[in-house]
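Below you'll find the structure, written out as structure tokens, and then a few comments.
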Amino acid sequence: MPTPDMCFAALEEALGRVYGGGGGGGGGGERISVLVRNIGENCVPSDLKRTFERYGVVKDVYIPMDFYTKRPKPFAFVEYMNYEDARDAKEDMDRREFNGRMVDVVFAQQRRKTPDQMRHIDGPSGGRGGGRR
């Protein structure tokens, strides 16, 4: 029968695989992103990078653009090199004011989509799952 310590170790290992953690310092694992919701329309990647790099090395900041309107969407992805830095950013920045707006910060659940994938999601009428009819 597994001991609680064995269960905890297995859980940590699984989370490391899912969130790209493992081995402190973020050496080889997969990177992890946090999703920052409710950013302002005037927010630029450098604003996010400056704020979020307090928690660790920021590999990339991405603000998706609406395929049809060419305007930025109200959310961004901040990619970290390791899980611990992303977790610290999520815990500290969630439900905090950023550039005059209350933002929500959660772990990103999916990889970045290509412009073609976004075109199908946005649809010509701005709805979800559309495509031209």
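The values are calculated or read from the model by the stated rules, or taken from the named source; none is laboratory data. Every value quoted in this text rests on a predicted model; they were computed, and no experiment measured them. No Cβ is skipped: glycine too gets one built from the backbone with ideal geometry, and neighbour counts run over all protein chains shown. Side chains included, ligands, DNA and RNA excluded: accessible areas come from the protein's heavy atoms. Shrake-Rupley method; radii C 1.70, N 1.55, O 1.52, S 1.80 Å.
Quick notes on this one:
- Residues within segment 36-60 that are closer than 23 Å to residue 120 by Cα and free of Cβ contacts under 8 Å to residues at least 40 places away in the same chain, tallied: 1
- Screening residue 59 against (1) in a strand (DSSP E or B); (2) open to solvent by 60 Å² or more (accessible area, probe 1.4 Å); (3) out of contact with any Asp or Glu (no Cβ under 6 Å at 6 or more places or on another chain) leaves a single unmet condition, (3).
- Meets criteria (among the hydrophobic types (A, V, I, L, M, F, W, C), modelled with pLDDT of 85 or more and outside any loop (DSSP other than H, G, I, E, B)) for residue 35: yes
- Yes/no for residue 48 being at pLDDT 95 or above and not acidic (Asp, Glu): yes
- Cβ pairs under 6 Å, 6+ apart, first in segment 92-109 and open to solvent by 60 Å² or more (accessible area, probe 1.4 Å), second among the acidic types (Asp, Glu): none
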